[in-house]
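J.: The structure that follows is given in the form of structure tokens.
Just so you know, all these numbers are worked out from the coordinates, no wet-lab data involved. Everything quoted here is computed from the prediction, not taken from an experiment. Cβ placement follows ideal geometry from the backbone for every residue including glycine, while neighbour counts extend to all protein chains displayed.
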Amino acid sequence: MEVHLLGRVDFDRVAALQDRLVDEVAARDDGQMRLLFCEHPPLITIGRAGTPAEIHYEVDLVRDRRIGMRWVKRGGGCVVHSPGQLAVYPIVPLGWFSTTPGEFLNRLQAAVRAALDELGFPTETRAGQFGLWGRTGQLAVFGVAVRRWVTYHGVYVNVCPTPGLAGLVESDRDASTRMGSLAAERRGRAKMPRVRAALIRHLSDRLGADRYHMHTGHPLLGERG
């Protein structure tokens, strides 16, 4: 597994990078996986299960178009992104590991749950839904896509997201959509490097990587065209 720490980067640039990496991984015959970690500027993405009706258009940020929106070909509904939310994108060749998309999602959720539990953040699941919840709301949001039998997109862990953005897609009818955070669970005691390190360990274990290498950035991220 090659692990890339990308820092804060625009969603569109990382989406383009994932497209390149999916093709690269699909063309290999050695089972190599890629794991991307980053944070995004404020943005709302809408997955295959989402609808614009979930967005609160009366909020100034949305009404005045100060926050962007993107339709994305991943599972899940609407997700609010911001600095302080850790985006985790595993690029995994399912065929190499004889794994189905459903099995991959189960492993991904189990890895994130184990990492948060190790850090002292107990979570719970909801029947029929992928996601992890704490007492303050949803702590990890899952939305995965598969192309050429390779996974992309992944999971968003709310470590210490920008305050005031959660209500942009919050549903008054469904409390399960309320955005929680690790910082709120522990009143500010959530450190991004510790969360990231725990996730790397547990993801490499659950996804079957025999070793991993760490990189800062990615050479393709700066390319255009």
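J.: Can you give me the distance in nm between label points at GLU103 and ARG189, each placed 7 Å from the Cα along the Cα-to-Cβ direction?
T.: 4.0 nm
J.: Per-residue ellipticity at 222 nm for the chain, helices alone: DSSP H runs ≥ 4 residues times -39500 (n - 2.57), over residue total, nearest 500 deg cm²/dmol?
T.: Numbers: 5 runs with 58 residues, N = 225.
So the calculated ellipticity at 222 nm is -8000 deg cm²/dmol.
J.: Taking the highest mean first, how do the peptides 21-29, 103-111, 131-139 order by number of other beta carbon atoms within 10 angstrom per residue? Provide the component values of the computation, followed by the final result.
T.: Details: 21-29: 15.1, 103-111: 18.0, 131-139: 19.8.
My ranking of the peptides, most packed first, is 131-139, 103-111, 21-29.
J.: In addition: Could you give the dipole magnitude of the chain about its Cα centre, charging the beta-carbon of Lys and Arg +1 and that of Asp and Glu -1, in debye to the nearest 20?
T.: Values: 30 positive and 24 negative charges, 56 e Å.
That gives a dipole near 260 debye.
J.: Given a Förster distance of 22 angstrom, what is the FRET efficiency for HIS215 paired with ASP29, based on the Cβ-Cβ distance and rounded to 0.05?
T.: That gives a FRET efficiency of 0.50.
J.: What is the Rg over Rh value, at two decimals, for the stretch 106-164, using alpha-carbon atoms and the Kirkwood definition of Rh?
T.: Working: Rg = 12.4 Å, Rh = 12.4 Å.
Computed over Cα atoms, the ratio is 1.00.
J.: Can you give the percent of C-alpha pairs in the chain whose distance is more than 33 Å?
T.: Details: 2797 of 25200 pairs.
Distances greater than 33 Å cover 11 percent of the Cα pairs.
J.: Can I ask one more? Rounded to the nearest 0.05, what FRET efficiency do ARG201 and LEU94 have when you use their Cβ-Cβ distance and R0 = 25 Å? Don't skip to the answer; put the middle values down first.
T.: Numbers: r = 22 Å, r/R0 = 0.87.
Efficiency, rounded to the nearest 0.05: 0.70.
J.: Pull out a ≥ b ≥ c, the square roots of the eigenvalues of the alpha-carbon gyration tensor of the stretch 1-121, then state rounded if a/c is under 1.5, prolate if not and a/b is larger than b/c, and oblate in the remaining case.
T.: Numbers: a/c = 1.83, a/b = 1.64, b/c = 1.12.
Prolate, because a/c is 1.5 or more and a/b exceeds b/c.
J.: Right, here's the next one. Extension gain ASP12-ALA110, at 0.36 nm per residue separation less the Cα-Cα distance, in nm?
T.: Numbers: separation 98, 0.36 × 98 = 35.28 nm, distance 2.78 nm.
So the extension gain works out to 32.5 nm.
J.: Here's something else I'd like to know. Based on the mean of other beta carbon atoms within 10 Å per residue, what is the order of 37-44, 84-91, most packed first? Can you show the working numbers first?
T.: Details: 37-44: 19.6, 84-91: 22.5.
Packing proxy ranking, top to bottom: 84-91, 37-44.
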